[in-house]
Amino acid sequence: MKSVLAIDIGGTFIKYGLIHENYRISNKGKVKTPNTTTEDFLNELKSLYDSYKEEIRGIAISAPGRISEEGVMLTAGILEYLEGFNLAQELSEVCDGISVTVENDGKAAALCEATIGSGKDYPNSVALIFGTGIGGGVIINKEILRGCYLIAGEFSPLFTNYEVGNYDCFATLYSTIRVVNKSKEMTHEDDLNGERMMALYREKSYSELNDYLDAWFFAIAKFCYNIDVLYNPDVICIGGGISADPLFVEKIKENIDVIYEEAFVFRKPKVEVCMYQNDSNLLGAYCRFIKMKGE
């Protein structure tokens, strides 16, 4: 059987690869994401199609924003020019009528982990993806929970403080980019990234940094308890670039243990690292494609 061209649309780059029947990815690459018009955007995707059209049976896309079942970009994150654009239909029309599916990137990651990753052995799972924001998705009986407005599993805007006049939300306080930027201020390392930040934490080079990151791990652990009460999944899969360091999820688990001993809770939520990391969006888009096509 021919492969599927999987495409992950980000604000800076469009990543892609060919996915085969056994979920093997080949021909991985990336190109710059156009920030101009829908015409330029379609042309970029069509050029990828032209490169592989003899080898593929369809195109599976992961993208930011609220996306309808039909592949309409109701919102598109920072790619505002795509709002209202029927990406599935328009791309199919310029690519010889080939089948095209489009899925939200966080939901794609959740579907990947539920199908072949850390959630594959369970009917119900939640994915939490830490990056510029905090994306993710909720899987109930192996199906994506979307909600009436297609925002189920969009964790970034969840409020974290219930005082009048306070509008702090999960992403503005606890996304990786927020934490790295605050860590830069503490260490005066302007080129600090997540990997370096975790290395400094291990070295205990800055007591202020370690206290700050300890509070981060604790906050995420508390959020896992909130998820458990809201959805009661079998497992919570934690991903994003920062999770490539095993210490990240290890510290979250340690704090889950602390909370279990100190607070009134029903049970201890099961937490695992996402298995497919940076490939989860591509693989999740492919999972969505084969579900839609009944393969």
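Structure summary
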read-out	value
Failed item in (1) buried (at least 17 other Cβ atoms within 10 Å of the Cβ); (2) of a type outside the set (A, V, I, L, M); (3) in contact with a Pro (Cβ under 8 Å, 6 or more places away or on another chain), with D234 passing the rest	(1)
Any hit, the range 22-36, residues being part of a loop (DSSP other than H, G, I, E, B) and in contact with a Gly (Cβ under 7 Å, 6 or more places away or on another chain)	yes
Those residues of the range 15-43 which are within 30 Å of I116 (Cα to Cα), in contact with a strand residue (DSSP E or B) (Cβ under 6 Å, 6 or more places away or on another chain) and surrounded by 13 or more Cβ atoms within 10 Å (Cβ to Cβ), in sequence order	K15, Y16, G17, L18, I19, H20, I25, N27, K28, K30, V31, T33
Some residue of the range 6-26 being of a type in the set (A, V, I, L, M), out of contact with any Asp or Glu (no Cβ under 8 Å at 6 or more places or on another chain) and more than 25 Å from K291 (Cβ to Cβ)	no
Hits in the range 190-209 (condition: out of contact with any helix residue (DSSP H, G or I) (no Cβ under 7 Å at 6 or more places or on another chain) and in a loop (DSSP other than H, G, I, E, B))	D191, S205
Only listed residue being touching a Pro at 6+ places or on another chain (Cβ under 6 Å) and either open to solvent by 70 Å² or more (accessible area, probe 1.4 Å) or acidic (D, E) (or both), chosen from D168, D191, D105	D105
Qualifying positions in the range 166-208 - closer than 18 Å to E250 by Cα and aliphatic (A, V, I, L, M)	V179, M197, M198, A199, L200
Scan of the range 240-252 for residues that are open to solvent by 80 Å² or more (accessible area, probe 1.4 Å) and touching a residue at least 24 places away in the same chain (Cβ under 8 Å), ordered by number	P246
Among the candidates V249, V265, V229, V258, residue that is modelled with pLDDT of 95 or more, among the aliphatic types (A, V, I, L, M) and part of a loop (DSSP other than H, G, I, E, B)	V265
All positions within the range 259-295 that are small (G, A, S) and open to solvent by less than 60 Å² (accessible area, probe 1.4 Å)	A263, S280, G284, A285
Subset of the range 57-80 (residues that are among the charged types (D, E, K, R) and either crowded, with 20+ Cβ neighbours inside 10 Å or not in a helix (DSSP H, G or I) (or both))	R57, R66, E69, E70
Considering residues of the range 132-175 that are outside any loop (DSSP other than H, G, I, E, B) and without any contact (Cβ under 8 Å) to a residue 24 or more places away in the chain only, the residue nearest to K107 (Cα to Cα)	E143
Qualifying residue in the range 44-56 (condition: open to solvent by 20 Å² or more (accessible area, probe 1.4 Å), out of contact with any strand residue (DSSP E or B) (no Cβ under 9 Å at 6 or more places or on another chain) and under 13 Å from V94 (Cα atoms))	yes
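The values are calculated or read from the model by the stated rules, or taken from the named source; none is laboratory data. Note that this is a predicted model, so its numbers are computed, not measured. Cβ atoms come from the backbone with ideal geometry, glycine included; neighbour counts cover every protein chain shown. Just so you know, the surface numbers come from the protein's heavy atoms only, side chains and all, with ligands and any DNA or RNA stripped out. Shrake-Rupley method; radii C 1.70, N 1.55, O 1.52, S 1.80 Å.
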